[in-house]
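Novice: Below are the C-alpha cells for one structure; questions will follow.
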Amino acid sequence: MGKTAVTPGPFVIRLCVLLVFLCFTLTQCRSSPPVFVTDEPEETGEEASEAEDGTGETELLELPPLSEELPVSSLGEIWAYLISGQEDTLKASYPLSDIGYFGAEVDAYGRLTGVPNRRKIAFFPGRVHLVVCCNGRALTHFSLEPGSAVRTRLIADLLEAARSFDGLQIDFENVPARDGAAFRSFLAELRQGMGNKLFTIALPARTRTLADDVYDYRRIAPLVDRILVMAYDEHWSTSAPGPIASLEWCRSVSTYSLAVIGPEKLIMGLPFYGRTWGSENTFRAFFHSGIERIKRENNVTEVRREKGIPTFTYRIPVTVTVYYEDEYSLSTRIEMYRSTGVRAIGFWCLGQETPAIWSLLRLTRE
C-alpha cells in the first residue's frame with residue numbers, strides 16, 4: 001500500500017510563513033549609522049544612470065602644486081551656515097555676505113518650531129536668513145498637501161517668522177517623489193508672501209536632468225531668488241569611502257547648475273567637514289548560530305553573565321579611512337568654481353573649517 005500524503009493545516013502554514021518573515025527581518029536588521037550634522041543624501045539613481053551611459057566621466061583637473069602659494073578668492077556673495085547654539089563660531093571679521101541660520105523645523109503637527117533668535121548674532125553686518133527643515137517623507141507630504149489647513153497654517157508660520165530675518169531658506173530634503181507639483185506650489189505661495197525679502201532654497205547636487213525629479217532645477221529656479229546647490233556628500237557614512245566632494249564631481253555639478261539655474265541665482269555649496277569609514281561594521285543583529293560562529297572565529301573563551309544574560313567581548317583589527325577638507329582643497333574648488341562663472345559660494349558649516357580658509361577669501365560687494 002502507498003503512503004498517505006499529509007497536508008499541513010492552516011495553523012502550520014501560517015507558522016511557517018511567520019518564521020520565514022522573522023528570519024528575513026533579522027538578516028536585514030542593522031543599528032542606525034552614526035549621525036552627522038547633515039542628512040544622508042536621497043538615493044536618486046543618478047549615479048547608476050551616469051555609470052551606465054558614461055556621462056559621469058570627466059577629464060582630470062590640473063591641480064596647482066601643493067608648494068604653490070594659494071590665491072585669495074574674491075566673490076560677490078559668500079554664504080555660510082550657522083547652527084543655532086553655536087553662535088561663537090561666527091566672527092564679525094569673517095568675509096561673509098550671508099548667514100543661513102540653522103535651523104527651524106516643522107514639527108509632527110506641521111507647525112514651525114525652533115526658530116533661532118537673530119539677536120544672538122546682531123553683531124554680524126551681513127544678511128541673515130532663517131533656514132527651515134522638514135525631516136521625514138511622511139511629515140513632508142503631510143505638510144505640503146494642497147488646500148489643507150496644515151499647509152495654510154505652516155505658510156503663515158513661515159512668513160511670520162521670516163519677518164525678523166533678511167530672508168527665508170527652505171531645506172526640505174525628503175520630499176516624496178510624487179509631491180513635486182505640491183512642493184512647487186508651496187514655494188510659489190511663499191515667494192508671493194515674502195515680498196522684497198530674499199527667498200532661497202537648498203537643493204541636492206545634480207550633474208544632469210533626471211526624469212520626474214522632485215528637485216528639478218528648471219522648474220524651481222523661477223520660484224526663488226537663489227538656489228544653494230549642496231555639492232557635498234558625494235560619499236556618505238554608509239557609502240564606500242571617498243571624498244565628500246571630489247573636484248571632478250564638483251566641476252560636473254557646477255557646469256550643469258550654471259547651465260540650468262544661471263549665475264545670477266546659483267550658490268555653489270562647499271563642505272567644511274570630513275568623514276571616516278571603518279573596514280568593519282559590527283553593529284548588527286544575529287541569529288544564535290551567528291553568535292556561535294563569531295565566538296569560534298575570534299577564539300572567545302570567556303562568556304560572562306549580566307543578571308542572567310550572556311555577554312562577551314572580543315577585539316578585531318579595523319582600518320579607518322578618512323577624507324576631509326583643508327585650505328588647499330577648498331581653495332582649489334573655489335577657484336575652479338570662479339573660473340567657470342560661479343559668483344556665489346556657501347559653506348556647510350561654521351565651526352567645522354580649517355581657520356586658514358578665512359585669509360583666502362575676499363568679499364567684493366557688487
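The values are calculated or read from the model by the stated rules, or taken from the named source; none is laboratory data. Since the model is a prediction, treat every value here as computed from it, not as a measurement. Counting neighbours? That spans all protein chains shown, and the Cβs are built from the backbone with ideal geometry, glycine included.
Novice: What are the pairs, 6+ residues apart or on separate chains, where a residue within region 198-210 that is in the same structural domain as Leu168 (by TED's automatic domain parsing) and of a type in the set (D, E, K, R) has its Cβ under 7 Å from a residue that is part of a loop (DSSP other than H, G, I, E, B) and buried (at least 23 other Cβ atoms within 10 Å of the Cβ)?
Specialist: none
Novice: Give region 112-128 a look and list any residue that's surrounded by 15 or more Cβ atoms within 10 Å (Cβ to Cβ) and assigned to a loop (DSSP other than H, G, I, E, B), or say none.
Specialist: Val115, Pro116, Phe124, Gly126
Novice: Further question: Among what's in region 54-71 and is touching a Lys or Arg at 6+ places or on another chain (Cβ under 8 Å) and not aliphatic (A, V, I, L, M), pick the residue that is modelled with the highest pLDDT. Quick ask: steps written out before the conclusion?
Specialist: Of all residues in region 54-71, those touching a Lys or Arg at 6+ places or on another chain (Cβ under 8 Å) come to 55, 58, 61.
From what is left, the residues that are not aliphatic (A, V, I, L, M) are 55, 58.
Working: Thr55: 45, Thr58: 54.
Filtering region 54-71 for residues that are touching a Lys or Arg at 6+ places or on another chain (Cβ under 8 Å) and not aliphatic (A, V, I, L, M), the one modelled with the highest pLDDT comes out as Thr58.
Novice: Taking region 310-355, which residues are of a type in the set (A, V, I, L, M, F, W, C) and within 25 Å of the chain's Cα centre (by Cα)? It would help to see each step written out before you state the result.
Specialist: Taking region 310-355 first, the residues of a type in the set (A, V, I, L, M, F, W, C) are 312, 316, 318, 320, 322, 330, 334, 336, 342, 344-345, 347-350.
The answer is Val320, Val322, Leu330, Ile334, Met336, Val342, Ala344, Ile345, Phe347, Trp348, Cys349, Leu350.
Novice: Condition first: among the polar types (S, T, N, Q) and closer than 30 Å to Asp216 by Cβ. Can you find one or more residues in region 337-350 that meet it?
Specialist: Just the residues of region 337-350 that are among the polar types (S, T, N, Q), to begin with: 339-340.
Pick out the ones that are also closer than 30 Å to Asp216 by Cβ and you get 339-340.
Scanning region 337-350 turns up at least one residue that is among the polar types (S, T, N, Q) and closer than 30 Å to Asp216 by Cβ.
Novice: Taking the conditions exactly as written (of a type in the set (Gly, Ala, Ser) and outside any loop (DSSP other than H, G, I, E, B)), does Gly351 satisfy them or not? Break it down into steps so the answer makes sense when it comes.
Specialist: Details: of a type in the set (Gly, Ala, Ser): yes; outside any loop (DSSP other than H, G, I, E, B): no.
It is false that Gly351 is of a type in the set (Gly, Ala, Ser) and outside any loop (DSSP other than H, G, I, E, B).
Novice: Looking at this structure, is Arg178 touching a residue at least 40 places away in the same chain (Cβ under 8 Å) and either among the basic types (Lys, Arg) or in a helix (DSSP H, G or I) (or both)? Quick ask: steps written out before the conclusion?
Specialist: Numbers: touching a residue at least 40 places away in the same chain (Cβ under 8 Å): no; either among the basic types (Lys, Arg) or in a helix (DSSP H, G or I) (or both): yes.
Here the answer is no, as Arg178 does not meet what is asked.
Novice: Being of a type in the set (Gly, Ala, Ser), over 30 Å from Ile83 (Cβ atoms) and in contact with a Ser or Thr (Cβ under 6 Å, 6 or more places away or on another chain) narrows it down to one of Ser289, Ser279, Ser254, so name that one. Give the steps one after another, and end with the answer.
Specialist: Working: Ser289 fails: in contact with a Ser or Thr (Cβ under 6 Å, 6 or more places away or on another chain); Ser254 fails: over 30 Å from Ile83 (Cβ atoms).
Going through Ser289, Ser279, Ser254 in turn, just one is of a type in the set (Gly, Ala, Ser), over 30 Å from Ile83 (Cβ atoms) and in contact with a Ser or Thr (Cβ under 6 Å, 6 or more places away or on another chain): Ser279.
Novice: Please go through region 170-188 and give me each residue that is surrounded by fewer than 18 Cβ atoms within 10 Å (Cβ to Cβ) and more than 21 Å from the chain's Cα centre (by Cα), ordered by number.
Specialist: Ala181, Ser185, Ala188
Novice: For region 334-348, give me the residue count where each residue is outside any strand (DSSP E or B) and more than 10 Å from Ser73 (Cβ to Cβ). Outline the logic, then answer.
Specialist: Start the filter on region 334-348 by keeping residues that are outside any strand (DSSP E or B), which leaves 334-343.
Imposing the further condition that a residue be more than 10 Å from Ser73 (Cβ to Cβ) reduces the set to 336, 339-343.
Number satisfying all stated conditions: 6.
Novice: If you scan region 339-366, which residues turn out to be in contact with a strand residue (DSSP E or B) (Cβ under 6 Å, 6 or more places away or on another chain) and of a type in the set (S, T, N, Q)?
Specialist: Selection gives Thr364 alone.
Novice: Residues of region 302-339 being farther than 16 Å from Leu66 by Cα and small (Gly, Ala, Ser), which ones?
Specialist: Gly308, Ser339 - these are the residues of region 302-339 that are farther than 16 Å from Leu66 by Cα and small (Gly, Ala, Ser).
Novice: Which condition number does Val318 fail, the rest of (1) within 30 Å of Gly262 (Cα to Cα); (2) in contact with an Asp or Glu (Cβ under 8 Å, 6 or more places away or on another chain); (3) not in a strand (DSSP E or B); (4) not charged (D, E, K, R) being met?
Specialist: Every listed condition holds for Val318 apart from (1).
Novice: Scanning region 148-169 for residues that are in contact (Cβ under 8 Å) with a residue 40 or more places away in the chain and crowded, with 19+ Cβ neighbours inside 10 Å, which turns out nearest to Ala138 (Cα to Cα)?
Specialist: My answer is Arg151.
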